[in-house]
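Asks: Please see the structure below; I have some questions.
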Amino acid sequence: MNAVVQLRPEERLDWRNPAYAEIFAARAERLQRLRAAPHRLGKLKDYYRDHIAQFITDWGMTFDPRNVERDVPTLIPFILFPKQQEWVEWFFERWRNRERGLTEKSRESGVSWLSVATAASICLLNEGVVAGFGSRKEEYVDKIGNPKSLFEKARTFVQLLPIEFRGGWIREQHAPHMRIMFPETKSVMTGEAGDSIGRGDRTSFYFIDEAAFLEHPELVDAALSQTTNCRQDISTPNGMANSFAIQRHSGKRKVFTFHWRDDPRKDQAWYDRQVEEINNPIVVAQELDINYSASAEGIIIPSAWVQAEIGAHQKLGIEPTGDRRGGFDVADEGFDKNAFAGKHGFLLEYLRSWSGKGGDIYRSVATVFDICTERGYESFYYDADGLGAGVRGDARTINEMRRERVQTEIRDNPFRGSGEVWDPDGEMVKKRKNKDYFANAKAQAWWWLRLLFQNTHRAVVEKMEFDPTKIISIDPQLPELVALSLELSQPTYSINMVGKILVDKMPNGARSPNLADAVMICYQPAASALDTWLKLGTG
């Protein structure tokens, strides 16, 4: 399903100040045209059957009692913003491919409304669908009259559709407790709760709400294995010690991320208010920043620091100056991705990842050279451990071709995380020589990145004086910003038997943080010293 939701001119919303009156008027006009030509209804339903996101945007309604305080109607058009549209298409693909999926989300992201609206729309437009919903408590699935429950949301959604699209549905006849039936298509939505999730009918697809909070996930896993080919787990994180977190980091599931930054109704001011009201950094990290390790000990870069650094140069009123270089984390043809980060002075201004599948390391090195040429990076550093060992030879070949074409060479510099620390007799941490404090170059580089984030957080949040050469700012327009923000807070540190810092990039079986590794390599402390040294011609 690759269709893009077509918002009509009157529906190009200012998401924070929506003109709902214009949208209602436009819908009324479209409905009047449809009723004047009822023979078009069948073809329109055929179209919507494969364009569920468009159906919701064209006719869907949602309910939010909190709108009263803002003098906004409580019943409002369900106009999907881009990330919601993307999720509907992503789920539709999982269903058609009979695949399991997992959606991780920030709190108040609207995924509950989105999931029931999507399921109800599919049931209204397709024959014989059985859509299952489950949660740890029955009241979360269905409590008639309580708009917090999933099925009451579904009843509201269907009831507020134009009668042409309800297919003979009558609330009093077709929506008993834990069941919603669709008479025209013979489809049905069913609900279950607790350990009995999955013990009922076979289903076309099955949503588990707040899956990270199930009391006995092993029982649910066993039951649903025989119930559906398209299980969809949805939840905010609840630490790493649960089935949801394990599945999310296993590399075996298709994962969709709904971060608060994906919601055009929310901005940094909204986030700051939430932080103040919640007043609990662990809750903020888990439920807003989607940080699974928020309660773990030894997080190198707390999520609160990451959020403060996004657009820090704008908040501090400074412009980046200085060196331009990149960091390259190398991947093979498997599950991990190549990642490249580019900086200008303190500003992280470029970020990109790509799969190595179907290619080779040479092709990825060529991609890096193209990026450096386009962005004006004079050098890049690369992970020279393991697979990255071959980068040097490929880079030499490419630079030889550049010389033949009278192009400027781009310096390639190895970063060996397993190697010795930079400036061993120096003191990155006061009164501790680097060689006595860090187990290897990787630990030192991650700790340096931590110090940059800490300095910036103090400058932005605590209004402390700062050295512009010892901060970091992240461009808020980076295309993979959400993924990076999650990865930066993943690595943890510990102290080994001789008192040195060790870094674990993949705690509790998490995937390798390729984007964050690229940033770490780009900013690692030896880089600036080496670049300056080479520019001065002393190397």
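The values are calculated or read from the model by the stated rules, or taken from the named source; none is laboratory data. This structure is a prediction, so every number in the text was calculated from the model and none was measured. As a convention, Cβ positions derive from the backbone with ideal geometry for all residues, glycine included, and neighbour counts pool all protein chains shown.
Asks: Report the residue count in the stretch 74-114 for those that are over 13 Å from the mean Cα position of the chain (by Cα) and assigned to a helix (DSSP H, G or I).
Replies: Counting residues in the stretch 74-114 that are over 13 Å from the mean Cα position of the chain (by Cα) and assigned to a helix (DSSP H, G or I) gives 15.
Asks: On to the next question. Within the stretch 116-168, which residues are over 28 Å from the mean Cα position of the chain (by Cα) and of a type in the set (Val, Ile, Thr)?
Replies: The answer is Val129, Val130, Ile144, Thr156, Val158, Ile163.
Asks: Taking the condition over 30 Å from Gln286 (Cα atoms) and in a strand (DSSP E or B), does Asn399 pass? Quick ask: steps written out before the conclusion?
Replies: Working: over 30 Å from Gln286 (Cα atoms): yes; in a strand (DSSP E or B): no.
No, not satisfied.
Asks: Among the candidates Gly110, Gly60, Gly128, Gly134, single out the residue that is more than 25 Å from Ser243 (Cα to Cα), buried (at least 17 other Cβ atoms within 10 Å of the Cβ) and not basic (Lys, Arg).
Replies: Every option except Gly60 fails the conditions.
Asks: How many residues does the stretch 350-365 contain that are surrounded by fewer than 20 Cβ atoms within 10 Å (Cβ to Cβ) and either touching a Gly at 6+ places or on another chain (Cβ under 9 Å) or at negative phi (or both)?
Replies: Total satisfying the criteria: 10.
Asks: May I pose another question? Please tell me if Ser295 is in contact with a Gly (Cβ under 7 Å, 6 or more places away or on another chain), surrounded by fewer than 19 Cβ atoms within 10 Å (Cβ to Cβ) and of a type in the set (Ser, Thr, Tyr).
Replies: yes
Asks: Inspect all residues belonging to the stretch 266-284 and state whether any of them is among the hydrophobic types (A, V, I, L, M, F, W, C), crowded, with 18+ Cβ neighbours inside 10 Å, in contact (Cβ under 8 Å) with a residue 40 or more places away in the chain and part of a helix (DSSP H, G or I).
Replies: There is no residue in the stretch 266-284 that is among the hydrophobic types (A, V, I, L, M, F, W, C), crowded, with 18+ Cβ neighbours inside 10 Å, in contact (Cβ under 8 Å) with a residue 40 or more places away in the chain and part of a helix (DSSP H, G or I).
Asks: While we're here: State all residues of the stretch 357-409 that are in contact with an Asp or Glu (Cβ under 7 Å, 6 or more places away or on another chain), within 29 Å of Asn440 (Cβ to Cβ) and in contact (Cβ under 8 Å) with a residue 24 or more places away in the chain; if no residue qualifies, say none.
Replies: Ile361, Tyr362, Val365, Ser379, Phe380, Tyr382, Asp383, Leu387, Val391, Ala395, listed by residue number.
Asks: Condition check: at pLDDT 95 or above and outside the structural domain of Ser187 (by TED's automatic domain parsing). Does Gly101 satisfy that?
Replies: No.
Asks: Something else about it: For the stretch 129-150, give me the residue count where each residue is in contact (Cβ under 8 Å) with a residue 24 or more places away in the chain and on the phi > 0 side of the Ramachandran plot.
Replies: Residues flagged as in contact (Cβ under 8 Å) with a residue 24 or more places away in the chain and on the phi > 0 side of the Ramachandran plot within the stretch 129-150 amount to 0.
Asks: Within the stretch 201-227, can you find the residues that are modelled with pLDDT under 90, surrounded by 18 or more Cβ atoms within 10 Å (Cβ to Cβ) and not in a helix (DSSP H, G or I)?
Replies: Across the stretch 201-227, the qualifying residue is only Thr227.
Asks: Mind checking which pairs have a first residue in the stretch 163-192 that is without any contact (Cβ under 8 Å) to a residue 60 or more places away in the chain and assigned to a strand (DSSP E or B) and a second that is among the hydroxyl-bearing types (Ser, Thr, Tyr) and crowded, with 18+ Cβ neighbours inside 10 Å, Cβ under 8 Å, 6 or more apart or different chains?
Replies: Arg179/Thr190; Met181/Ser187
Asks: Restricting attention to the stretch 169-185, does a residue exist that is in the same structural domain as Thr156 (by TED's automatic domain parsing), within 20 Å of Lys105 (Cα to Cα), buried (at least 19 other Cβ atoms within 10 Å of the Cβ) and touching a helix residue (DSSP H, G or I) at 6+ places or on another chain (Cβ under 6 Å)?
Replies: Checked the stretch 169-185: no residue is in the same structural domain as Thr156 (by TED's automatic domain parsing), within 20 Å of Lys105 (Cα to Cα), buried (at least 19 other Cβ atoms within 10 Å of the Cβ) and touching a helix residue (DSSP H, G or I) at 6+ places or on another chain (Cβ under 6 Å).
Asks: A further question follows. On the phi < 0 side of the Ramachandran plot and in contact with a Gly (Cβ under 7 Å, 6 or more places away or on another chain): does that describe Arg273?
Replies: No: the conditions fail for Arg273.
Asks: Collect the residues in the stretch 228-244 that are at pLDDT below 90 and of a type outside the set (S, T, N, Q), keeping them in residue-number order.
Replies: Once the filter is applied, which keeps residues that are at pLDDT below 90 and of a type outside the set (S, T, N, Q), the stretch 228-244 yields Gly239, Met240, Ala241.
Asks: Would you pick out the residues in the stretch 366-396 that are in contact with a strand residue (DSSP E or B) (Cβ under 8 Å, 6 or more places away or on another chain), assigned to a helix (DSSP H, G or I) and either crowded, with 21+ Cβ neighbours inside 10 Å or outside the structural domain of Glu409 (by TED's automatic domain parsing) (or both)?
Replies: Within the stretch 366-396, Val368, Cys372, Gly388, Val391, Ala395 qualify.
Asks: Which of the helices (runs of 4 or more DSSP H) found entirely inside the stretch 411-503 contain at least 1 residues meeting this: under 30 Å from Ala245 (Cα atoms)?
Replies: Numbers: elements: 434-437, 441-460, 481-488.
In the stretch 411-503, 441-460, 481-488 are the helices (runs of 4 or more DSSP H) which contain 1 or more residues that are under 30 Å from Ala245 (Cα atoms).
Asks: So, in the stretch 186-200, of the ones that are under 12 Å from Gly134 (Cβ atoms) and modelled with pLDDT of 85 or more, which residue ends up surrounded by the fewest Cβ atoms within 10 Å (Cβ to Cβ)?
Replies: Looking at residues that are under 12 Å from Gly134 (Cβ atoms) and modelled with pLDDT of 85 or more, I get Gly194.
Asks: Can you tell me which residues in the stretch 225-258 are under 25 Å from Gln84 (Cβ atoms) and either without any contact (Cβ under 8 Å) to a residue 60 or more places away in the chain or not assigned by TED's automatic domain parsing to the domain that holds Ser109 (or both)?
Replies: Result: Asn238, single match.
Asks: Kindly provide the set of residues from the stretch 292-317 that are touching a strand residue (DSSP E or B) at 6+ places or on another chain (Cβ under 8 Å) and assigned to a loop (DSSP other than H, G, I, E, B), ordered by number.
Replies: Answer for the stretch 292-317, where residues must be touching a strand residue (DSSP E or B) at 6+ places or on another chain (Cβ under 8 Å) and assigned to a loop (DSSP other than H, G, I, E, B): Ser293, Ala296, Glu297, Gly298, Ile300, Gly311.
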